[in-house]
Ligand SMILES: Nc1ncnc2c1ncn2[C@@H]1O[C@H](COP(=O)(O)OP(=O)(O)OP(=O)(O)O)[C@@H](O)[C@H]1O
Ligand SMILES: [Mg+2]
């Protein structure tokens, strides 16, 4: 269970007007502004928003990569500010960056993370075998990941984040760049996690994607939560017939939607 | 954050080493390059020394106007020097380097000699050309010897003991032991060993810092329980192991080459035994651990692998040149010389080669500086790894 309470993150960026400018002007961007929501165990929660809405930033804060400027969050009771180590053990994260070690095989990539999560050799091996089977990577498991297709790399990355069988799973745009078949198997995998009683929070900028999977939708735009409810409620609050139209209405514009 | 976990640190070190060694091509070429450089340098030294001594042995003396000094010509021939009589365009050819030196006998020579006046001989040389120097000095020595012989004969004829004209007896006593004379030539070996210690770490350090960011694996890595300091130490150990491999390979390359090249036969006595090897390792091991730590700290500051590569490459080459200062310097090195990294290592390695006594304080410098350096560099590296800007600044 994830509880997020008025989480805020600002970035300061330095800009130079020209290459020879002596002084850089600093600009402050509030990427995430008092974001509040909950994601429950046994449910899939979708974080929906257009490009630049603050989805990745929110997930990065929850995975302890960035520290919030204000606000609180906890995962299964562990406080984000004070219990980072505990949170890192509880979480499985497929973040914005999904890089693999390309000289290592799919299995070796997974095993490295298993060991860092404190698993012993036998357990890690067993778990890697299970995941490789579930993800349909049997033929590729022991090949260096160098030549893998985007979908295959995504599968290895998700296997790596689930290696320690975490209770809470954060997925940042897990279907980005996948074909229909791979998208389907990713959805099946997420449903499987839900069936196991896990708490899944995933981000997307595609309404259909979220609608197909989520019990709960949190829509954010420009760092603010603009909606929090079920897919049904998207239709009822906006009074529109299609989810996509509802989404556009809720974020207040259609810019960036189809990017 | 959680406490430092030794197990996780070892996991990181093992994975990085394994990953680095998987990169067969670049590792192979790096090791090949450092191991082949030794034999090449030793081979070159052998070749140079050999040609010099051969040229000196087979010196020919180009002489102009041989007809005025037949006795001198005979004297030189008796001393095993071939005569090249009446060379053409000799001034030009000396200038161009076709001839090392030319002896020109004055047309007045025979007459002057007979009358007891100083008889003139001109030795044409080109002093800016180093390779002619041994031949020039051989020729002038022989001319001097001829002059002395005639002088002695004259004094004996006049009933004067030749010693009268030689009030001083000047003897040179070279204190350099044979090892030291050989070592001077093979200083290059310490230069190369240090160079291997600098260059062996660059590719690996880049791979585990900028490479990790470029491959986008740092972000996933930092979502696991591993801490920045565990990562820093683990990566440092892995890169150091690769560097140590490079240093050892370069030394072994030298040793093998020295086994096959009979430098001793050429009068370059040089022995590199167990004691010298141990001395080298005692200097190079801490050095091999220091360099990666510095590179990791520097490499993590760069935004891209390319940027890191050029800055590290340039830094390493510049620092690698430091020993040249000791090479060129004519004065006694200052006391702090051994405390300057690279420079100090070079100084102590030279002492090892010369079988000189190494004061304990030098050894302190060889170990204390690297230890302090490693601690500081790793603190910087680990702080950078833990900084969220490293992710944000992609
Ligand atoms: N490290 C950073 N430095 C400066 N600004 C940043 C940084 N990271 C994010 N931002 C800004 O914060 C805002 C939110 O970015 P974020 O990556 O969270 O969006 P997102 O919802 O994940 O978008 P997308 O769908 O494109 O992935 C953007 O305006 C972005 O430019
Ligand atoms: Mg994003």
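The values are calculated or read from the model by the stated rules, or taken from the named source; none is laboratory data. This one's a predicted model, so the numbers in the text were calculated from it and none came from an experiment. Using ideal geometry, Cβ is built from the backbone for each residue, glycine included, and neighbour counts are taken over all protein chains shown.
Inspect region A:120-131 for any residue being assigned to a loop (DSSP other than H, G, I, E, B), more than 7 Å from chain B (Cβ to nearest Cβ) and within 30 Å of residue B:24 (Cα to Cα) and give the result as yes or no.
Taking region A:120-131 and keeping what is assigned to a loop (DSSP other than H, G, I, E, B), we get A:120.
Applying the additional criterion that residues be more than 7 Å from chain B (Cβ to nearest Cβ) yields A:120.
Next, only the ones that are within 30 Å of residue B:24 (Cα to Cα) stay: A:120.
Yes - at least one qualifying residue is present in region A:120-131.
Specify which of the listed residues (B:333, B:341, B:370) is in a loop (DSSP other than H, G, I, E, B) and either closer than 19 Å to residue B:281 by Cβ or within 16 Å of ligand 1 (Cβ to nearest atom) (or both).
On the way: B:333 fails: either closer than 19 Å to residue B:281 by Cβ or within 16 Å of ligand 1 (Cβ to nearest atom) (or both); B:370 fails: in a loop (DSSP other than H, G, I, E, B).
So the residue among B:333, B:341, B:370 that is in a loop (DSSP other than H, G, I, E, B) and either closer than 19 Å to residue B:281 by Cβ or within 16 Å of ligand 1 (Cβ to nearest atom) (or both) is B:341.
Restricting to region A:32-54, name every residue that is within 13 Å of ligand 2 (Cβ to nearest atom) and either over 19 Å from residue A:193 (Cβ atoms) or free of Cβ contacts under 8 Å to residues at least 60 places away in the same chain (or both).
In the first step, residues of region A:32-54 are kept if they are within 13 Å of ligand 2 (Cβ to nearest atom); the result is A:32, A:47-54.
Residues satisfying the conditions are A:32, A:49, A:50, A:51, A:52, A:53, A:54.
Limited to region A:169-186, what total is found for residues that are in contact with a helix residue (DSSP H, G or I) (Cβ under 6 Å, 6 or more places away or on another chain) and either away from chain B (no Cβ under 12 Å) or more than 18 Å from residue A:93 (Cα to Cα) (or both)?
Of the residues in that region, 5 qualify.
Can you tell me which residue among B:139, B:206, B:186 is part of a helix (DSSP H, G or I), surrounded by 15 or more Cβ atoms within 10 Å (Cβ to Cβ) and modelled with pLDDT under 85? Steps first, please.
On the way: B:139 fails: modelled with pLDDT under 85; B:206 fails: modelled with pLDDT under 85.
That would be B:186, the only listed residue that is part of a helix (DSSP H, G or I), surrounded by 15 or more Cβ atoms within 10 Å (Cβ to Cβ) and modelled with pLDDT under 85.
Restricting attention to helices (runs of 4 or more DSSP H) lying wholly within region B:1-94, give those where 1 or more residues are farther than 28 Å from residue B:111 by Cα.
Working: elements: B:6-22, B:24-57, B:70-78.
It comes to B:6-22, B:24-57.
Mind checking which residues of region A:158-182 are within 16 Å of ligand 1 (Cβ to nearest atom) and touching a residue at least 40 places away in the same chain (Cβ under 8 Å)?
Once the filter is applied, which keeps residues that are within 16 Å of ligand 1 (Cβ to nearest atom) and touching a residue at least 40 places away in the same chain (Cβ under 8 Å), region A:158-182 yields A:170, A:171, A:172, A:173, A:174.
For residue A:249, indicate whether it is crowded, with 17+ Cβ neighbours inside 10 Å, farther than 30 Å from residue A:76 by Cβ and either more than 14 Å from every other protein chain (Cβ to nearest Cβ) or away from ligand 2 (no atom under 16 Å from the Cβ) (or both).
Details: crowded, with 17+ Cβ neighbours inside 10 Å: yes; farther than 30 Å from residue A:76 by Cβ: yes; either more than 14 Å from every other protein chain (Cβ to nearest Cβ) or away from ligand 2 (no atom under 16 Å from the Cβ) (or both): yes.
When the stated conditions are applied, residue A:249 passes them.
Could you tell me which of the residues B:20, B:31, B:72 is closer than 30 Å to residue B:236 by Cα, more than 14 Å from chain A (Cβ to nearest Cβ) and in contact (Cβ under 8 Å) with a residue 12 or more places away in the chain? If you could, list the steps in order and put the result at the bottom.
On the way: B:20 fails: more than 14 Å from chain A (Cβ to nearest Cβ); B:72 fails: closer than 30 Å to residue B:236 by Cα.
Answer to the check: B:31.
Of (1) under 14 Å from residue A:100 (Cβ atoms); (2) within 12 Å of chain B (Cβ to nearest Cβ), residue A:135 satisfies all except one. Which?
For residue A:135, the failing item is (2).
Would you confirm whether any residue within region A:154-167 is outside any helix (DSSP H, G or I), closer than 26 Å to residue A:235 by Cβ and touching a strand residue (DSSP E or B) at 6+ places or on another chain (Cβ under 6 Å)? Full working, then the answer.
Just the residues of region A:154-167 that are outside any helix (DSSP H, G or I), to begin with: A:163-167.
Then keep just the ones that are closer than 26 Å to residue A:235 by Cβ; that gives none.
Within region A:154-167, not a single residue is outside any helix (DSSP H, G or I), closer than 26 Å to residue A:235 by Cβ and touching a strand residue (DSSP E or B) at 6+ places or on another chain (Cβ under 6 Å).
What strands (runs of 3 or more DSSP E), lying completely within region A:18-81, carry at least 3 residues that are within 14 Å of ligand 1 (Cβ to nearest atom) and more than 14 Å from chain B (Cβ to nearest Cβ)?
On the way: elements: A:25-39, A:43-48, A:70-75.
In region A:18-81, the matching strands (runs of 3 or more DSSP E) lie at A:25-39, A:43-48.
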